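Take a look at the structure set out below.
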Amino acid sequence: MIRVYNTLTGQKEDFSPISPPRVTMYVCGPTVYGPAHIGHAKTYIVFDVVRRYLEYRGYDVEYVVNITDVDDKIIARSNASGEPWNELAERYAREFLEEMDELNVLPASKYPRASGNIHEIIADVLKLVESSHAYVVDGDVYFRVESDPDYGKLSGRRLSEMRAGARVEVDERKEHPMDFALWKAAKPGEPYWESPWGRGRPGWHMECTTMSTRNLGPQIDVHGAGADLIFPHNENEIAQSECLTHKVPFVRYWMHSGLLQLEEEKMARSVGNVLSVPGILDRFGADAFRWYVLSTLYRRSVAYSEEAIEFAARTVRRVSSAAALAPADAKPDLGHYAEQRSAFEAAMDDDFNTPQALAVLSDLAREASRLGSSGEDPSPPAALLREFGDVLGLRLEVGAAERARNAEPFIDLLVEVRGELRRAKQYALADRVRERLRELGIALEDVPGGETRWRAEE
RNA sequence: GGCGACGUGGCCAAGUGGUAAGGCAGGGGUCUGCAAAACCCCUAUCAGCGGUUCGAUUCCGCUCGUCGCCUCCA
């Protein structure tokens, strides 16, 4: 039985989807006004692993990630640069999807865009106005938080406890300071759509309600997001959705991933302390970053540390070369490694405890290497290692072997020649071959029995 | 001011009411012409103070510290 920590209840709960084996999963995607950063990458890696593990467990996951392409910041950027807002958004959306692919994040079933759902959003806002959950002021439409007695249940706050106006000026036109915009009237020079309330665009939270309910139904199993979205975004989503559909709960399991911290502060584009995804990929590789992310519980925040990613890279290298000891078509030996499988599953069942799952991979890697170096067959543990790596989204490719593939016959030839030199005790020359190859990124290792292995390094 | 999370070996990080996984680093070995890699062995009493308990790192309270949210934000 899988147990999932639910932000709504603050407890781990047994996972039982509405209509198994189907699992509906919605994760809040990025606002595409600029490049994504590795904090986004952490979140989508986390939910990628959730999705992969649910599939491993036999569920049929329908996974939707929205892309927010209508937003104040996009408009501001567009006005500043002269690039049309929709082209700008599309450019960053494409970049985001490419980066996710490089991070080995499986594609979602759908990536709905706010701009593609305007009519549906208007229809939903209209319903909320008609049912008195929302009201119109000067072409804006606001959600009436006091019309929802449950408002605040996700973030655990009461309207009376919140300091309205503590950090933001209160808009006097609103009935309650916490009322939030479902629809915003367009100012001159801003993109707009025609609506019953005049020209305007969707507000901040409405798109997620419209797109999740239209794509996955009024009630969904899992809703994921970064922890910074708990309030107000996810809170508002619940209020809108439940008042709209009258189906409670809107979401069975709310999951939130801990934020990536940089220099004692969360990484955020608004703070300005961001590191790009390509930068990390170039320096450490997708597996190293993923291993680093998964070596902490997903709910915890993580302090960014280059040293830690380097260590993860080293571990990944060791584990990858152990995984390479199994032929691609090898079947794991269930008889001998049932214990590791149940340890892996027990870890993952317990709210996706990836640090413990990684410990199992470490064990298997050691076992495979040990068998390999003692002349026994390392395939069974190595094959299982690959299987688990796949569940966690780790490619476990042996370094840059892929890239070296074309040069393989020539490298083999050099290795062969060096072997001859060694047998002739021409060590100086043999070492020169090894050194030169190393400079070219090919590391040689002499294993017992006179054989020599090589592998490509970063 | 309110809500919440966290504080485990040199570093990172799981976990449990009955003396603590894993990774990295470090020390010692095996292997090797040397090297590299790999493998084997070794290294903690869990922020502090009280309380509950036969027994707490694990439960409760307080203190200190760190962080998140209360505004857009993965």
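The values are calculated or read from the model by the stated rules, or taken from the named source; none is laboratory data. The structure displayed is predicted, hence computed values, not measured ones. Note that we place each Cβ from the backbone using ideal geometry, even for glycine, and neighbour counts take in every protein chain shown. The accessibility values were calculated without ligands, DNA or RNA, using every heavy atom of the protein model including side chains. Shrake-Rupley method; radii C 1.70, N 1.55, O 1.52, S 1.80 Å.
Determine whether A:LEU325 is in a loop (DSSP other than H, G, I, E, B) and either surrounded by 19 or more Cβ atoms within 10 Å (Cβ to Cβ) or near RNA strand B (Cβ under 8 Å from one of its atoms) (or both).
So A:LEU325 passes the test.
What strands (runs of 3 or more DSSP E) completely inside segment A:120-226 contain at least 1 residues that are closer than 24 Å to A:GLU62 by Cβ and away from RNA strand B (no atom under 14 Å from the Cβ)?
The strands (runs of 3 or more DSSP E) meeting that bar are A:220-226.
If I ask for residues that are out of contact with any Ser or Thr (no Cβ under 9 Å at 6 or more places or on another chain), over 22 Å from A:VAL50 (Cβ atoms) and open to solvent by less than 10 Å² (accessible area, probe 1.4 Å), which ones from segment A:86-106 would you list?
Result: A:ALA93, single match.
Determine if segment A:134-145 includes at least one residue that is under 30 Å from the mean Cα position of the chain (by Cα) and either open to solvent by less than 20 Å² (accessible area, probe 1.4 Å) or free of Cβ contacts under 8 Å to residues at least 40 places away in the same chain (or both).
No; the residues of segment A:134-145 include none that is under 30 Å from the mean Cα position of the chain (by Cα) and either open to solvent by less than 20 Å² (accessible area, probe 1.4 Å) or free of Cβ contacts under 8 Å to residues at least 40 places away in the same chain (or both).
Anything in segment A:26-63 that is within 14 Å of RNA strand B (Cβ to nearest atom) and outside any helix (DSSP H, G or I)? List them, or say none.
Result: A:TYR26, A:VAL27, A:CYS28, A:GLY29, A:PRO30, A:THR31, A:VAL32, A:TYR33, A:GLY34, A:PRO35, A:ALA36, A:HIS37.
For A:PRO35, indicate whether it is touching a residue at least 60 places away in the same chain (Cβ under 8 Å) and in contact with a Pro (Cβ under 9 Å, 6 or more places away or on another chain). Talk me through it step by step, then tell me what you get.
Values: touching a residue at least 60 places away in the same chain (Cβ under 8 Å): yes; in contact with a Pro (Cβ under 9 Å, 6 or more places away or on another chain): yes.
Judged against the criteria, A:PRO35 is a match.
Inspect segment A:3-25 for any residue being within 16 Å of RNA strand B (Cβ to nearest atom), modelled with pLDDT of 95 or more and in contact with a His (Cβ under 9 Å, 6 or more places away or on another chain) and give the result as yes or no.
The answer is yes, given that some residue of segment A:3-25 is within 16 Å of RNA strand B (Cβ to nearest atom), modelled with pLDDT of 95 or more and in contact with a His (Cβ under 9 Å, 6 or more places away or on another chain).
Cβ-Cβ distance below 6 Å, separation of 6 or more or different chains: which pairs start in segment A:103-119 with a residue that is assigned by TED's automatic domain parsing to the domain that holds A:VAL46 and end on one that is in a loop (DSSP other than H, G, I, E, B) and crowded, with 18+ Cβ neighbours inside 10 Å?
From residues that are assigned by TED's automatic domain parsing to the domain that holds A:VAL46, the pairs are A:ASN104/A:GLY393; A:PRO112/A:ASN66; A:ARG113/A:ASP69; A:ALA114/A:ASP69; A:ALA114/A:VAL70; A:SER115/A:ASP69; A:SER115/A:VAL70.
Only one of these conditions is not met by A:ASP351: (1) surrounded by fewer than 18 Cβ atoms within 10 Å (Cβ to Cβ); (2) in contact (Cβ under 8 Å) with a residue 60 or more places away in the chain; (3) within 27 Å of the chain's Cα centre (by Cα). Which number is it?
For A:ASP351, the exception is condition (1).
Scan segment A:227-251 residue by residue and report those that are within 17 Å of A:GLU120 (Cβ to Cβ) and either open to solvent by less than 10 Å² (accessible area, probe 1.4 Å) or in a strand (DSSP E or B) (or both).
A:GLU237, A:GLN240, A:SER241, A:PHE250
If we scan segment A:282-297, do we find a residue that is more than 8 Å from RNA strand B (Cβ to nearest atom) and assigned to a loop (DSSP other than H, G, I, E, B)?
There is at least one residue in segment A:282-297 that is more than 8 Å from RNA strand B (Cβ to nearest atom) and assigned to a loop (DSSP other than H, G, I, E, B).
When you look at A:VAL248, is it assigned by TED's automatic domain parsing to the domain that holds A:GLU98 and over 21 Å from A:ASP140 (Cα atoms), yes or no?
So A:VAL248 fits the description; yes.
Just give me the residues in segment A:297-307 being open to solvent by less than 40 Å² (accessible area, probe 1.4 Å) and either modelled with pLDDT of 90 or more or in contact with a strand residue (DSSP E or B) (Cβ under 7 Å, 6 or more places away or on another chain) (or both), in sequence order.
Matches in segment A:297-307: A:TYR298, A:VAL302, A:TYR304.
Please verify whether segment A:396-414 includes one or more residues that are modelled with pLDDT of 95 or more and crowded, with 17+ Cβ neighbours inside 10 Å.
Within segment A:396-414, not a single residue is modelled with pLDDT of 95 or more and crowded, with 17+ Cβ neighbours inside 10 Å.
Hey, could you check segment A:354-376 for residues that are polar (S, T, N, Q) and either open to solvent by less than 10 Å² (accessible area, probe 1.4 Å) or closer than 29 Å to A:GLU13 by Cα (or both) and say which is farthest from RNA strand B (Cβ to nearest atom)?
A:THR354
Give segment A:269-281 a look and list any residue that's outside any helix (DSSP H, G or I) and within 15 Å of A:TYR44 (Cα to Cα), or say none.
Of everything in segment A:269-281, just one residue is outside any helix (DSSP H, G or I) and within 15 Å of A:TYR44 (Cα to Cα), namely A:SER276.
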